[in-house]
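Q: Handing you this structure, nothing more for now.
The values are calculated or read from the model by the stated rules, or taken from the named source; none is laboratory data. As the structure is a computational prediction, the values presented were derived from the model and not from experiment. Here the Cβ is made from the backbone with ideal geometry for all residues, glycine too, and neighbour counts use every protein chain on show.
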Amino acid sequence: MSAQSNRLKRITIHTLGEMKSAGEKLVALTAYDYCGAVAATAAGVEILLVGDSLGMVIQGHDSSLPVTIKDTAYHVRCVRRGNGGALLMADLPFMSYYSAAKSLENAAILMREGAHMVKLEGGAWLAESTRLLSERGIPVCAHLGLTPQSVNHLGGYRVQGRDPTQGQLIIDEAKVLQQAGASLILLECVPASLGRRLAKALTVPVIGIGAGAEVDGQILVWHDLLGLYPGKTAKFVKNYLKGKPNGVQGALADYVAEVKSGAFPAAEHCYS
Ligand code: KIV
């Protein structure tokens, strides 16, 4: 099997900007391995994110906090080999960007492994890192709204920005980060009206997860899209396999049933 692409051209930060200007929605999805990257890009996904959600969906932790730069670098390597032309974004994990110098050191590791952009969670305090990274040639995505690395500070995975002052703060901080050089904003778990206001207020694209329909694009976690995550899922999750007879759960159930009944392997699966 080899990585194939249905695209002629690789997606870059310039493509993303052009798509926002043209009113074309961006499609993003997390990816953690070769086959996932091949399948997603063959389907037309434009941004692949090696998210620190890998701490939960790959490693089985109850948060993203235990993920290290080494873990992320490993998954960037895997995804890079299967990427058929998407922009490959990678999360800087918890505490890997506590200072501007640290963010540069760790972002360089991910870029050398094949990332095209790094994502950092937080507001205006990241302006210095964002400026440093983008001036040194590393595109930055700023993650605002619900920032899961701060779950202990936020007191849980809750909707952010419902309060008008807090909502305005998110918009103001996004503007500061855009000014500092961020090329993309990821907005998580906020009221749809705030998503719409932010996408209108910025020139750079805003992709949302639980940020409503009027942002510039959407992102989902691979395991949520396929209904593979056994834990509680958020309201914004859509399981695209639910109710489909040939979905992953259906395939697993059929396999178990056919081995039990003796229907698998059939003659065509056996050597003579
Ligand atoms: O780590 C992750 O998967 C994320 C999601 C919000 C897409 O950042």
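Q: Identify, by number, the condition in (1) surrounded by fewer than 22 Cβ atoms within 10 Å (Cβ to Cβ); (2) touching a residue at least 24 places away in the same chain (Cβ under 8 Å); (3) within 14 Å of the ligand (Cβ to nearest atom) that Val79 doesn't meet.
A: Going through (1) surrounded by fewer than 22 Cβ atoms within 10 Å (Cβ to Cβ); (2) touching a residue at least 24 places away in the same chain (Cβ under 8 Å); (3) within 14 Å of the ligand (Cβ to nearest atom) one by one, Val79 breaks only (1).
Q: Something else: Read through the list (1) surrounded by 11 or more Cβ atoms within 10 Å (Cβ to Cβ); (2) more than 24 Å from Met56 (Cβ to Cβ), then give the number of the only condition that Gly243 fails.
A: (1)
Q: Moving on to the next point. Select from region 236-272 the residues that are in contact (Cβ under 8 Å) with a residue 12 or more places away in the chain and either of a type in the set (S, T, N, Q) or closer than 23 Å to Cys141 by Cβ (or both) and list them in ascending order. If you could, list the steps in order and put the result at the bottom.
A: First, the residues of region 236-272 that are in contact (Cβ under 8 Å) with a residue 12 or more places away in the chain: 236-242, 247-249.
Selection gives Phe236, Val237, Lys238, Asn239, Gln249.
Q: Scan region 29-62 residue by residue and report those that are more than 17 Å from Arg77 (Cβ to Cβ) and more than 11 Å from the ligand (Cβ to nearest atom). Working first, answer last.
A: Just the residues of region 29-62 that are more than 17 Å from Arg77 (Cβ to Cβ), to begin with: 29, 39, 42-47, 53, 55-57, 60-62.
Those that are more than 17 Å from Arg77 (Cβ to Cβ) and more than 11 Å from the ligand (Cβ to nearest atom): Ala39, Ala42, Ala43, Gly44, Val45, Glu46, Gly60, His61, Asp62.
Q: Related question: Of everything in region 28-54 that's crowded, with 24+ Cβ neighbours inside 10 Å and among the small types (Gly, Ala, Ser), which residue is nearest to Leu16 (Cα to Cα)?
A: Ala28
Q: Right, here's the next one. Does any residue of region 169-177 turn out to be modelled with pLDDT of 95 or more, within 18 Å of Leu29 (Cα to Cα) and away from the ligand (no atom under 15 Å from the Cβ)? Before you say what the answer is, go through the steps one by one.
A: Here is the first cut: in region 169-177, the residues modelled with pLDDT of 95 or more are 169-177.
Narrowing the set further to residues that are within 18 Å of Leu29 (Cα to Cα) leaves none.
No; the residues of region 169-177 include none that is modelled with pLDDT of 95 or more, within 18 Å of Leu29 (Cα to Cα) and away from the ligand (no atom under 15 Å from the Cβ).
Q: Yes or no: region 163-185 includes at least one residue that is in a loop (DSSP other than H, G, I, E, B), touching a residue at least 12 places away in the same chain (Cβ under 8 Å) and within 30 Å of Gln249 (Cβ to Cβ). Step through it out loud before you land on a result.
A: Restricting attention to region 163-185, the residues satisfying the condition of being in a loop (DSSP other than H, G, I, E, B) are 163, 181-183.
So of that shortlist, the ones also touching a residue at least 12 places away in the same chain (Cβ under 8 Å) come out as 181-183.
Checking the rest, the ones that are also within 30 Å of Gln249 (Cβ to Cβ) come to none.
No, region 163-185 has no match at all.
Q: Here's a follow-up. Which residue out of Leu104, Leu186 is under 23 Å from Val79 (Cα atoms) and buried (at least 19 other Cβ atoms within 10 Å of the Cβ)?
A: Only one candidate qualifies: Leu186.
Q: If you don't mind, another one. Which of the residues spanning region 246-272 are assigned to a helix (DSSP H, G or I) and surrounded by 10 or more Cβ atoms within 10 Å (Cβ to Cβ)? Working first, answer last.
A: Keep residues of region 246-272 that are assigned to a helix (DSSP H, G or I), which gives 248-261, 267-269.
Hits for region 246-272 are Val248, Gln249, Gly250, Ala251, Leu252, Ala253, Asp254, Tyr255, Val256, Ala257, Glu258, Val259.
Q: Kindly list the number of the only condition in (1) acidic (Asp, Glu); (2) assigned to a helix (DSSP H, G or I); (3) crowded, with 19+ Cβ neighbours inside 10 Å that fails for Glu18.
A: It is condition (3) that Glu18 fails.
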